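A.B. asks: Before anything else, here's the structure in question.
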Amino acid sequence: MKNNLVLRTITGIGYVGLVVGSILLSPVAFAMLFFLITLLGLLEFYKMMHHGNVQPQKVWGAIVGLLYYVIITLAVSDLIPMMWLWTGLLFLFSIFIAELYRKKERPFANIGATILGFLYVVLPFALLNFFFKVPQISDSYQILLGFFIILWTNDTFAYIIGVTIGKHKFFERLSPKKTWEGSIGGALMGLLAAWVLYNYCDSFTLIQWLTYAVVIIIFGTLGDLSESQLKRSQNCKDSGDLLPGHGGILDRLDSVILASPFAFFYILLIGL
């Protein structure tokens, strides 16, 4: 237990350092980091699908997924026209064509699992690059940095408070260790983090920061539960074993998967 906690802490610090460092360095550094994370996440996802007797197009799916990640990243960075996003959808339909030549059982289950990897892994991670280009905000990197700070604060204190004083189960069917005490405590600390960000970052008003935090906390928690549901459905304890003490890439970034698109749309609403 103690050794696992040490490994978990060291891995967590390394992950935080990479993400924060890439955000502060440049949008290109961040995009490259999450390009790698997207690749690893997709491969983990497709490997998990094999546990459910489904055979997604692992290689072609990864190629198309990464290509679409690049298209989304370039489009939201205003480096290519937004029209390319629609053109990129053609690559998704290539999955149907490729399956014709595989001669596998359950072809449409394989196609569905391959495309689901784009929705579950590629799209949420690619949308994070948009946070660098928030309209009318010059230092919009603060929005992305704030996203992760709020998310990590919520996750960390939900775990600490849940382990320390948690008694009432939050969602026992999918995550037996989660408690209401931990979830509420993590949410309150996440809101506190948003208040601190407001005092040091002028990107949002206080109400906007707090609302932003509520969106991140709610959907980050639901993302965590969705990952638990995925693992249970595939009879997997972890999504992988790449990160000591954490499991796989998707285990560590599960809360990002749903928080990212909903935070993205919240930012769009503010812009409108």
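A.B. asks: Surrounded by fewer than 19 Cβ atoms within 10 Å (Cβ to Cβ), outside any loop (DSSP other than H, G, I, E, B) and either touching a Cys at 6+ places or on another chain (Cβ under 9 Å) or at pLDDT 95 or above (or both), is that true of L74? Walk me through how you get there before you give the answer.
C.D. replies: Working: surrounded by fewer than 19 Cβ atoms within 10 Å (Cβ to Cβ): yes; outside any loop (DSSP other than H, G, I, E, B): yes; either touching a Cys at 6+ places or on another chain (Cβ under 9 Å) or at pLDDT 95 or above (or both): no.
Answer is no for this residue.
A.B. asks: Suppose we filter N53, N110, N129 for residues that are more than 30 Å from T211 (Cβ to Cβ) and touching a Pro at 6+ places or on another chain (Cβ under 8 Å); which single one remains? Steps first, please.
C.D. replies: Values: N53 fails: touching a Pro at 6+ places or on another chain (Cβ under 8 Å); N129 fails: more than 30 Å from T211 (Cβ to Cβ).
One residue alone meets the criteria, N110.
A.B. asks: Shifting gears a bit: Out of all the residues in segment 32-63, which are in contact with a Leu (Cβ under 9 Å, 6 or more places away or on another chain), among the aliphatic types (A, V, I, L, M) and closer than 29 Å to S77 by Cβ? Let's see the steps before the verdict.
C.D. replies: Step one: list which residues in segment 32-63 are in contact with a Leu (Cβ under 9 Å, 6 or more places away or on another chain), which gives 33-35, 37-42, 44-45, 48-49, 56, 58, 61-62.
Going one step further and asking which of them are among the aliphatic types (A, V, I, L, M), we end up with 33, 37, 39-40, 42, 48-49, 62.
Scanning segment 32-63 gives L33, I37, L39, L40, L42, A62.
A.B. asks: When you go through (1) surrounded by 15 or more Cβ atoms within 10 Å (Cβ to Cβ); (2) farther than 30 Å from S140 by Cβ one by one for G65, which number turns out not to apply?
C.D. replies: For G65, the failing item is (2).
A.B. asks: Go through the residues of segment 19-36 one by one and say whether even a single one is assigned to a helix (DSSP H, G or I), more than 20 Å from the chain's Cα centre (by Cα) and more than 28 Å from W152 (Cβ to Cβ). Show your work before the answer.
C.D. replies: Start the filter on segment 19-36 by keeping residues that are assigned to a helix (DSSP H, G or I), which leaves 19-25, 27-36.
Remaining after also requiring more than 20 Å from the chain's Cα centre (by Cα): 25.
Right, trim to more than 28 Å from W152 (Cβ to Cβ) and you get none.
For segment 19-36, residues assigned to a helix (DSSP H, G or I), more than 20 Å from the chain's Cα centre (by Cα) and more than 28 Å from W152 (Cβ to Cβ): absent.
A.B. asks: If you take just the helices (runs of 4 or more DSSP H) that sit entirely in segment 138-255, which of them hold at least 3 residues that are under 24 Å from T9 (Cα atoms) and among the β-branched types (V, I, T)? Show your work before the answer.
C.D. replies: On the way: elements: 141-165, 180-200, 206-233, 249-252.
Result: 141-165, 206-233.
A.B. asks: Within segment 70-81, does at least one residue satisfy the condition of being within 30 Å of F30 (Cα to Cα), within 20 Å of the chain's Cα centre (by Cα) and of a type in the set (G, A, S)? Walk me through it before giving the result.
C.D. replies: At the first step, the residues of segment 70-81 found to be within 30 Å of F30 (Cα to Cα) are 70-81.
Narrowing the set further to residues that are within 20 Å of the chain's Cα centre (by Cα) leaves 70-77.
Going one step further and asking which of them are of a type in the set (G, A, S), we end up with 75, 77.
Within segment 70-81 (the criterion being within 30 Å of F30 (Cα to Cα), within 20 Å of the chain's Cα centre (by Cα) and of a type in the set (G, A, S)), the answer is yes, since at least one residue qualifies.
A.B. asks: Would you mind telling me which numbered condition in (1) within 15 Å of S239 (Cβ to Cβ); (2) assigned to a helix (DSSP H, G or I) P56 fails?
C.D. replies: It is condition (2) that P56 fails.
A.B. asks: Would you check which residues across segment 256-272 are assigned to a helix (DSSP H, G or I) and free of Cβ contacts under 8 Å to residues at least 12 places away in the same chain and list them? First the steps, then the outcome.
C.D. replies: Initially, segment 256-272 is screened for residues assigned to a helix (DSSP H, G or I), giving 256-271.
Of everything in segment 256-272, those that are assigned to a helix (DSSP H, G or I) and free of Cβ contacts under 8 Å to residues at least 12 places away in the same chain turn out to be F265, L268, L269.
A.B. asks: Sort out which residues of segment 204-241 are of a type in the set (A, V, I, L, M, F, W, C), more than 17 Å from M189 (Cα to Cα) and touching a residue at least 40 places away in the same chain (Cβ under 8 Å), and write them in order of number. Please lay out each step first, then the result.
C.D. replies: To start, the set of residues in segment 204-241 that are of a type in the set (A, V, I, L, M, F, W, C) comprises 204, 206-207, 209-210, 213-219, 222, 225, 230, 236.
Then keep just the ones that are more than 17 Å from M189 (Cα to Cα); that gives 204, 222, 225, 230, 236.
Selection gives F204, L225, L230, C236.
A.B. asks: Still on this structure, please answer the following. Based on what the data block shows, is G166 over 24 Å from L250 (Cα atoms) and crowded, with 17+ Cβ neighbours inside 10 Å?
C.D. replies: Details: over 24 Å from L250 (Cα atoms): yes; crowded, with 17+ Cβ neighbours inside 10 Å: yes.
In short, yes.
A.B. asks: Residues in segment 128-141: is at least one surrounded by fewer than 13 Cβ atoms within 10 Å (Cβ to Cβ), modelled with pLDDT of 85 or more and not acidic (D, E)?
C.D. replies: Step one: list which residues in segment 128-141 are surrounded by fewer than 13 Cβ atoms within 10 Å (Cβ to Cβ), which gives 135-136, 138-139.
Now narrow it down to the ones that are modelled with pLDDT of 85 or more: none.
Within segment 128-141, not a single residue is surrounded by fewer than 13 Cβ atoms within 10 Å (Cβ to Cβ), modelled with pLDDT of 85 or more and not acidic (D, E).
A.B. asks: Please determine whether any residue of segment 259-268 is of a type in the set (A, V, I, L, M), more than 18 Å from the chain's Cα centre (by Cα) and under 21 Å from P124 (Cα atoms). Even if it seems obvious, please write down each step before you answer.
C.D. replies: Restricting attention to segment 259-268, the residues satisfying the condition of being of a type in the set (A, V, I, L, M) are 259, 263, 267-268.
Then keep just the ones that are more than 18 Å from the chain's Cα centre (by Cα); that gives 268.
Now drop any that are not under 21 Å from P124 (Cα atoms), which leaves 268.
Looking for residues that are of a type in the set (A, V, I, L, M), more than 18 Å from the chain's Cα centre (by Cα) and under 21 Å from P124 (Cα atoms), one finds at least one in segment 259-268, hence yes.
A.B. asks: Can you go through L25, L7 and tell me which one is touching a residue at least 24 places away in the same chain (Cβ under 8 Å), surrounded by fewer than 17 Cβ atoms within 10 Å (Cβ to Cβ) and over 18 Å from V256 (Cβ atoms)?
C.D. replies: Working: L25 fails: touching a residue at least 24 places away in the same chain (Cβ under 8 Å).
None of the others qualify; the one that does is L7.
A.B. asks: Let me ask something else. Considering only residues that are touching a residue at least 60 places away in the same chain (Cβ under 8 Å) and hydrophobic (A, V, I, L, M, F, W, C), which ones fall in segment 117-131? Lay out the reasoning, then the answer.
C.D. replies: Here is the first cut: in segment 117-131, the residues touching a residue at least 60 places away in the same chain (Cβ under 8 Å) are 117, 120-131.
If the condition is that a residue be touching a residue at least 60 places away in the same chain (Cβ under 8 Å) and hydrophobic (A, V, I, L, M, F, W, C), then V121, V122, L123, F125, A126, L127, L128, F130, F131 are the ones that fit.
A.B. asks: Another one. Please verify whether segment 242-263 includes one or more residues that are surrounded by fewer than 21 Cβ atoms within 10 Å (Cβ to Cβ), at pLDDT 90 or above and in contact with a Phe, Trp or Tyr (Cβ under 9 Å, 6 or more places away or on another chain).
C.D. replies: yes
A.B. asks: If I filter segment 77-123 down to residues being in contact with an Asp or Glu (Cβ under 9 Å, 6 or more places away or on another chain) and of a type in the set (A, V, I, L, M, F, W, C), which single residue comes out as surrounded by the most Cβ atoms within 10 Å (Cβ to Cβ)?
C.D. replies: V121
The values are calculated or read from the model by the stated rules, or taken from the named source; none is laboratory data. All of these numbers come straight from a predicted model, not from anything done at the bench. FYI the Cβ positions are ideal-geometry reconstructions off the backbone, even for glycines, and counts take in every protein chain you see.
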